[in-house]
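Scroll down for the structure; my scribbles are underneath it.
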Amino acid sequence: MRSSNITEPSPLAPFAVSLGDPAGIGPEIVAKSWVMRDARGLPPFFAVGDVAALRAVWLGPIAMISAPEEAAAAFGSALPCLQVGQAGEIVPGAPSVEGARTAFESLEASVGLARSGSAAGIVTAPVGKEQLYGVGFTHPGQTEFVAERCGVSPHNAVMMLAGPSLKVVPVTIHIPLSEVPMALTIDLIRARAITTVKGLQRNFGIPRPRLAVAGLNPHAGEGGALGREEIDIIRPAVESLREEGYDIVGPLAADGMFHARAREAYDAALCMYHDQALIPIKTLNFDDGVNITLGLPIIRTSPDHGTAFGIAGTDSANPGAMIAALRMAADAARARAAYVG
Ligand SMILES: NC(=O)C1=CN([C@@H]2O[C@H](COP(=O)(O)OP(=O)(O)OC[C@H]3O[C@@H](n4cnc5c(N)ncnc54)[C@H](O)[C@@H]3O)[C@@H](O)[C@H]2O)C=CC1
Ligand SMILES: NCC(=O)COP(=O)(O)O
């Protein structure tokens, strides 16, 4: 794990936006967000990546910058871009090895800028995970990569998907479904819950967060008849946290905890695996859902969707989730400044 030396950003620092895979919709939604910066009240930001990826899909004004400090002055009249990587020939919708390397480099550079305090935080456009794995990216996702670069163990870095209707946390993330039961432990659930509570306080200003925890099995195990993880792992984790004063309930039957009335009873739902968490949030908030990493010294958000290679280059990508990610990053910076931990 790298050193966790982090410098606090100045209140005026812009956000670094890694462009993600140059062949995906990342460059397009970053450019569209810049166009809507005033209408949507976006904080100053600059793109980090190969400017050719922007040029491949957008004819608007771009200001090449050599340091983040130049971004604020340029932001009003052009999209600032810090050149990182060379993606070679960029064909929207056709990912390449050079493009994946550039995505990796721009993510690495963005994290470095946030760690040094030159950027207020990072907003990451989508990467193609299969492509990244092919160029030596050894982490399951950007969440674990950023955590490692910040000196935080993956256990203590929480992926939260947050939208206007729902906030969810997958306890296990990018692992095969067959490995989920083995990966679930009392310690992991407790760590995710505690980081989630602190993250909701620090980044969202919720003073006493309420958590609901899903079961793993149908009907939360039906008293052990449909699986024992609820009895052996999830309930002991929840009860130990409740005894320590946390406002937490569960294990709940997952199929009944996401309807509108049920959602009023909690601030965030802890889910046992990726799709249990992401299906409800993407169904409710696909166009304005945000992936925020809790437990980090820096701010990191991302749109909830992927690279959408199938529509890249067609000018049909909706920038809503990227705009929501930029706004959430700015809101988190304000909440952190006001937070007394
Ligand atoms: N944060 C990240 O970096 C993420 C990366 N991915 C990566 O993205 C790649 C593709 O994943 P998929 O499962 O196909 O999910 P996806 O989110 O890229 O696409 C799912 C569907 O939603 C549409 N879509 C996605 N974003 C859209 C937008 N802004 N506007 C309009 N339509 C949009 C796509 O065209 C497709 O029909 C994979 O390589 C995966 O690893 C997936 C999720 C998150
Ligand atoms: N399905 C969510 C996703 O893939 C985001 O992962 P990460 O790259 O933000 O860790």
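The values are calculated or read from the model by the stated rules, or taken from the named source; none is laboratory data. As the structure is a computational prediction, the values presented were derived from the model and not from experiment. Every residue, glycine as well, gets a Cβ built from its backbone with ideal geometry; the counts of neighbours run over all protein chains shown.
Just a few scattered comments:
- Which listed residue, of 247, 232, is under 25 Å from the mean Cα position of the chain (by Cα), surrounded by 13 or more Cβ atoms within 10 Å (Cβ to Cβ), assigned by TED's automatic domain parsing to the domain that holds residue 163 and among the acidic types (Asp, Glu): 247
- Residues in segment 136-152 that are touching a residue at least 40 places away in the same chain (Cβ under 8 Å) and touching a helix residue (DSSP H, G or I) at 6+ places or on another chain (Cβ under 7 Å): 142, 146, 147, 149, 150.
- Looking only at segment 95-145, residues that are more than 13 Å from ligand 2 (Cβ to nearest atom) and acidic (Asp, Glu) come to 3 in all.
- The set of residues in segment 272-311 being within 11 Å of ligand 1 (Cβ to nearest atom) and closer than 18 Å to residue 260 by Cβ consists of 282, 286, 288, 289.
- Residues in segment 325-336 that are of a type in the set (A, V, I, L, M, F, W, C) and either in a loop (DSSP other than H, G, I, E, B) or more than 13 Å from residue 43 (Cβ to Cβ) (or both): 335 alone.
- Scanning segment 279-318 for residues that are part of a helix (DSSP H, G or I), in contact with a Pro (Cβ under 7 Å, 6 or more places away or on another chain) and within 11 Å of ligand 2 (Cβ to nearest atom) yields no hits at all.
- In segment 292-313, of all residues being of a type in the set (Gly, Ala, Ser) and farther than 22 Å from residue 152 by Cβ, the one that is surrounded by the fewest Cβ atoms within 10 Å (Cβ to Cβ) corresponds to 310.
- Selected residue (criterion: surrounded by the fewest Cβ atoms within 10 Å (Cβ to Cβ)) from residues of segment 314-337 that are more than 17 Å from the chain's Cα centre (by Cα) and within 12 Å of ligand 1 (Cβ to nearest atom): 316
- Flag for residue 2 being surrounded by fewer than 16 Cβ atoms within 10 Å (Cβ to Cβ), in a loop (DSSP other than H, G, I, E, B), at pLDDT 95 or above and assigned by TED's automatic domain parsing to the domain that holds residue 126: no
- From 23, 39, 63, 74, residue being part of a helix (DSSP H, G or I) and either touching a Ser or Thr at 6+ places or on another chain (Cβ under 7 Å) or of a type in the set (A, V, I, L, M, F, W, C) (or both): 74
- Condition met for residue 329 (within 13 Å of ligand 2 (Cβ to nearest atom), closer than 15 Å to residue 18 by Cβ and touching a strand residue (DSSP E or B) at 6+ places or on another chain (Cβ under 7 Å)): no
- Residue within segment 97-110 that is farther than 23 Å from residue 128 by Cα, aromatic (Phe, Trp, Tyr) and not in a strand (DSSP E or B) present: no
- Test result for residue 234, hydrophobic (A, V, I, L, M, F, W, C), within 17 Å of residue 167 (Cα to Cα) and part of a helix (DSSP H, G or I): no
- Any hit, segment 286-303, residues being out of contact with any Cys (no Cβ under 8 Å at 6 or more places or on another chain), under 30 Å from residue 224 (Cα atoms) and among the hydroxyl-bearing types (Ser, Thr, Tyr): no
- Residue selected from segment 117-131 under the condition near ligand 1 (Cβ under 9 Å from one of its atoms) and either surrounded by fewer than 18 Cβ atoms within 10 Å (Cβ to Cβ) or without any contact (Cβ under 8 Å) to a residue 60 or more places away in the chain (or both), by the criterion farthest from the chain's Cα centre (by Cα): 130
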